[in-house]
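Here is the structure we will look at, set down as structure tokens.
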Amino acid sequence: MNDSKTYDLIIIGGGVSASFLCLSLLKKSPNHKILVIEKAEKFGPKLGESIVEISAVFIQRLGIEDLVKKQAIKSGLRFHWYGDEGVDKISEFVSPTMPGKVYGYHLNRQILDEDLLQLIQEKGVDVIRPGEIIDYQKSDYQNNLKVRTSSQDLSVSSPWVVDATGRTLFTSNLFSLPYDEVNLKTSVVYTYITDPFTNNGWDNPNGQWPTEARNTADYATIHFMRDHEWWWVIKLNENTMSLGMVLDKEYHKNIDEKSHFKWRLENDEQIKKLAAGSKIGDLKQLNQLTYRANELTYKGLILLGDSGMFIDPLAGPGMEITCQQIMWISENLAKEKATGKRVSWCKYEKKFKRSFKSREASYKAGYEFMKSFSVFTSWLRNGNYVYFGWVLYPALFSYKRLKEPLQFNWVEWILFKYFAKRYKSIVKKEKAIKKHHQIKFSRVGTPKGIRFWFKPIHLLILAGADYVNLELKQLFKSKK
């Protein structure tokens with residue numbers, strides 16, 4: 001590589017989102033000259049992450065399923081509640097991954113990032129690694145960077161730079177880019193458990209996991225639901241699990257998050273049993289989990305994925321949104337390359353800002369009734385119907401729908417506000433958090449054959465029945 005070179009695109013950060021963008025762009029514009037600058041000589045372990053169904057459809061279209069299939073199939077989601085009756089009376093909402101058209105995956109990012117970076121190099125993408133950016137001069141559609149490697153300093157330039165550094169927020173910090181005030185104020189504390197624990201009574205002894213599910217319950221993302229608080233458990237491999245806690249900071253005011261985390265480990269009956277006999281790693285904390293940049297594009301600079309916004313990990317939408325961003329970005333950049341003219345990014349900005357607002361409002365409402373098994377599972381069923389019926393199923397047949405991020409129209413905003421208000425009202429009337437042992441199955445999936453076409457209707461019936469059941473219980477209570 002020469003000590004001075006011009007590219008069509010420079011990507012800062014060499015993780016999965018950078019590689020996905022390269023692959024997507026090269027499919028549309030094979031002659032695009034791309035440079036990836038990765039600071040780390042070797043990728044380290046990262047927090048457990050997963051690919052959900054929309055991302056899986058995107059990966060199918062990229063033609064890299066074989067590479068991703070090295071990862072563990074995401075076996076589904078599990079949500080646990082227990083109340084005054086004790087940990088042996090757990091109620092659970094179970095959502096196993098059943099045989100179907102698309103599957104999610106649990107990602108070992110350390111392995112996947114390496115595999116993808118090697119793949120894009122084979123396809124002609126230049127990679128500087130390890131590379132440290134020691135100078136960055138930016139003007140409209142002109143980016144001049146000086147990169148230090150182990151052997152020399154290189155000067156590179158491009159009309160476009162994509163920041164794919166994630167929560168490092170490299171360009172945002174460098175140029176002091178503004179971030180908007182967000183309504184969802186949550187914090188997270190997480191760690192890694194080593195010397196895997198056994199079931200010391202924390203798991204539902206009467207729980208059922210279908211034998212036909214695509215993977216064992218071990219590889220499901222497990223959620224422990226508390227009042228304005230939830231915990232995750234993700235099995236990364238046979239020796240390590242990720243354990244984390246997300247708190248609603250507006251509800252849990254003036255609390256030291258790490259102290260609260262330790263308190264749960266020692267006093268919460270379920271979590272205490274879960275961690276018994278295991279080695280707990282150092283605690284890591286993020287004070288503000290949700291954020292969004294004021295703009296996602298700046299005349300030659302694009303903030304991709306977590307570099308521009310992050311909502312909430314409860315249902316794992318991060319990779320999904322990033323993949324949809326990549327589809328829009330690659331189309332716009334390929335069009336500019338082909339025509340030699342600048343394209344408007346206004347539509348892109350509006351869509352993803354509206355999507356962020358819609359998802360943020362949904363998650364914020366969910367924290368209000370997180371403690372209630374009956375209400376939160378009804379909320380989950382509504383979400384399943386919307387996601388599978390109006391997002392995933394259309395995306396299986398239409399690229400245009402695949403790249404459309406979830407966003408509420410004015411009718412959906414009215415419905416959302418109505419249901420959120422009703423659910424919150426029902427939770428307030430619950431006198432206790434007692435939960436007689438119950439198991440509900442989500443019934444989600446993309447089954448093959450005739451059942452595929454009726455699945456959205458099935459999910460709508462389940463969501464409607466759950467909600468009607470809640471309202472009838474409230475009606476009978478009021479008459480007593």
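The values are calculated or read from the model by the stated rules, or taken from the named source; none is laboratory data. Quantities reported herein were computed from a predicted structural model and do not represent experimental measurements. Glycine also receives a Cβ, built like all others from the backbone with ideal geometry; neighbour counts cover every protein chain displayed. Ligands, DNA and RNA are excluded from the accessible area calculation, which covers all protein heavy atoms including side chains. Shrake-Rupley method; radii C 1.70, N 1.55, O 1.52, S 1.80 Å.
For the chain, the relative contact order comes to 21 percent (Cα pairs under 8 Å, sequence separation of at least 6). Between Q118 and W263, what is the FRET efficiency for a Förster distance of 60 Å, r being their Cβ-Cβ separation, to the nearest 0.05? Computed FRET efficiency for Q118 and W263 comes out at 0.85.
Quick check on the range 194-330: take the gyration tensor over C-alpha atoms, sort the square-rooted eigenvalues as a ≥ b ≥ c, and tell me if it's rounded (a/c under 1.5), prolate or oblate. The shape class here is oblate.
Between L107 and E49, S50, I51, the built amide H atoms are under 5 Å apart, and every one of these is 5 or more places off in sequence or on another chain.
Once the gyration tensor of the Cα atoms in the chain is diagonalised, the equivalent ellipsoid follows with semi-axes of 40, 25, 22 Å, ordered largest first. Solvent-accessible surface (1.4 Å probe) assigned to M319 amounts to roughly 10 Å².
Only alpha carbons enter this Debye calculation for the range 50-171, each as an equal point scatterer, and the log10 of I(q)/I(0) it gives at q = 0.11, 0.13, 0.20 Å⁻¹ is -0.63, -0.78, -1.19.
Within the range 4-48, the percentage of alpha carbon pairs spaced more than 12 angstrom apart rounds to 65%.
Put the Cα centre of the range 398-414 next to the Cα centre of the range 283-338 and the gap is 17 Å. Counted over the chain, the DSSP beta bridges are approximately 70% antiparallel.
Using θ = phi - 60° in the Karplus curve 6.51 cos²θ - 1.76 cosθ + 1.60, the 3J(HN,Hα) couplings for the range 29-36 round to 9, x, 8, 5, 8, 10, 10, 10 Hz; x is entered for Gly and Pro.
Cross-link reach is defined here as a Cα-Cα straight distance under 15 Å, omitting same-chain residues fewer than 8 places apart; for K89 the aspartates and glutamates meeting it are D203, D268, E269. The ellipsoid that matches the Cα gyration tensor of the range 263-322 has semi-axes, each √(5λ) in whole angstrom, of 36, 12, 10, with the longest given first. Counting only protein heavy atoms, what percent of the accessible surface of the range 295-414 is carbon or sulfur at a 1.4 Å probe? That fraction is 59 percent. Among the lysines of the range 216-336, pairs at least eight places apart or on separate chains and with Cα atoms under 24 Å apart come to 24. For the range 112-198, what does the alpha-carbon gyration tensor say about shape, rounded, prolate or oblate, given a ≥ b ≥ c as the root eigenvalues, a/c under 1.5 as rounded, and a/b over b/c as prolate? Here the range 112-198 falls in the oblate category. Decide, for the range 344-480, between rounded, prolate and oblate: order the square roots of the alpha carbon gyration tensor eigenvalues as a ≥ b ≥ c, take rounded if a/c falls under 1.5, and otherwise choose prolate if a/b is larger than b/c, else oblate. Oblate. Each Lys or Arg adds one and each Asp or Glu takes one away; over the other residues whose Cβ falls under 14 Å from the Cβ of Y399, this sums to +4. Between T216 and R401, the contour length at 0.36 nm per residue exceeds the alpha carbon distance by 63.4 nm.
The accessible-area ordering, largest first, of the residues L475, L459 stands as L475, L459, per a 1.4 angstrom probe. A 1.4 Å probe run over the chain, with the rest of the protein chains in place, finds 46 Å² accessible per residue. Among the trypsin sites (Lys or Arg not before Pro) in the range 390-420, none is located in a DSSP loop while being surrounded by at most 12 other Cβ atoms within 10 Å of its own Cβ.
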